[in-house]
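Below is one structure, written out as structure tokens; the observations come after it.
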Amino acid sequence: MKTILLIAFMLWTFQGIKAQNNIKMENQHEAVLAITDAIENYYFKGIYEGDAILLESIFYPGTLVYGDVNGQPYFKTADLYLNGVKNRQSPKDSGKPFKGEILNIKVVNSIAMAEINLKMYEFNYRDFLSFHRINGKWYIINKMLTNLSE
């Protein structure tokens, strides 16, 4: 009788572990979809159209932007970055090619990292966007960028 109870307990325990893994995978898939939506419909669209208000809606207050452009250090607050987007000619209005591509998204619990490639004007940018899920919404909390030679 003890053996049967022990086997039943072990099977029940292992079923619970499997169910938890399935739930985790489903949540991760949902997170990747939500981050993909944020990048494509807010980040790429905001940059392409020069819509600083749209972009601002996915940048968490106090976000910093770091990197290098043409080998020169680049640092701005998100507010300064968004002001630059607002006051420049948008890629849409310039008529020059624009292409945003998501290369990779990694999610761990409530944090994520997205690697993207963004071709606009004469630049080919590689961006690393850090995301954090706050109150059910994914926000960019840090942006790092560099430009690559073609």
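Computed values, structure above
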read-out: Some residue of region 64-78 being basic (Lys, Arg) and surrounded by 12 or more Cβ atoms within 10 Å (Cβ to Cβ); value: yes
read-out: Test: residue in region 4-16 that is among the hydrophobic types (A, V, I, L, M, F, W, C), at pLDDT 95 or above and surrounded by fewer than 16 Cβ atoms within 10 Å (Cβ to Cβ); value: no
read-out: Check on residue 57, farther than 16 Å from residue 134 by Cα and small (Gly, Ala, Ser); value: no
read-out: Residue among 47, 39, 35, 141 that alone is touching a helix residue (DSSP H, G or I) at 6+ places or on another chain (Cβ under 9 Å), of a type outside the set (Ser, Thr, Tyr) and crowded, with 18+ Cβ neighbours inside 10 Å; value: 47
read-out: Neighbours by Cβ (under 7 Å, 6+ apart or cross-chain): first from region 87-104, touching a residue at least 12 places away in the same chain (Cβ under 8 Å); second part of a helix (DSSP H, G or I) and of a type in the set (Phe, Trp, Tyr); value: 90/48; 91/48; 92/48; 98/48; 100/44
read-out: Flag for residue 142 being under 24 Å from residue 31 (Cβ atoms), out of contact with any Phe, Trp or Tyr (no Cβ under 9 Å at 6 or more places or on another chain) and of a type in the set (S, T, N, Q); value: no
read-out: Enumeration of residues in region 89-143 that are part of a loop (DSSP other than H, G, I, E, B) and either more than 19 Å from residue 69 (Cβ to Cβ) or among the basic types (Lys, Arg) (or both); value: 95, 96, 109, 110, 135, 136
read-out: All positions within region 94-148 that are touching a Gly at 6+ places or on another chain (Cβ under 6 Å) and among the hydroxyl-bearing types (Ser, Thr, Tyr); value: 146
read-out: Evaluation of residue 100 against (1) surrounded by 16 or more Cβ atoms within 10 Å (Cβ to Cβ); (2) farther than 16 Å from residue 147 by Cα; (3) among the small types (Gly, Ala, Ser) (one fails), failing number; value: (2)
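The values are calculated or read from the model by the stated rules, or taken from the named source; none is laboratory data. Everything quoted here is computed from the prediction, not taken from an experiment. Ideal geometry is used to build each Cβ from the backbone, glycine not excepted, and the neighbour counts take in all protein chains shown.
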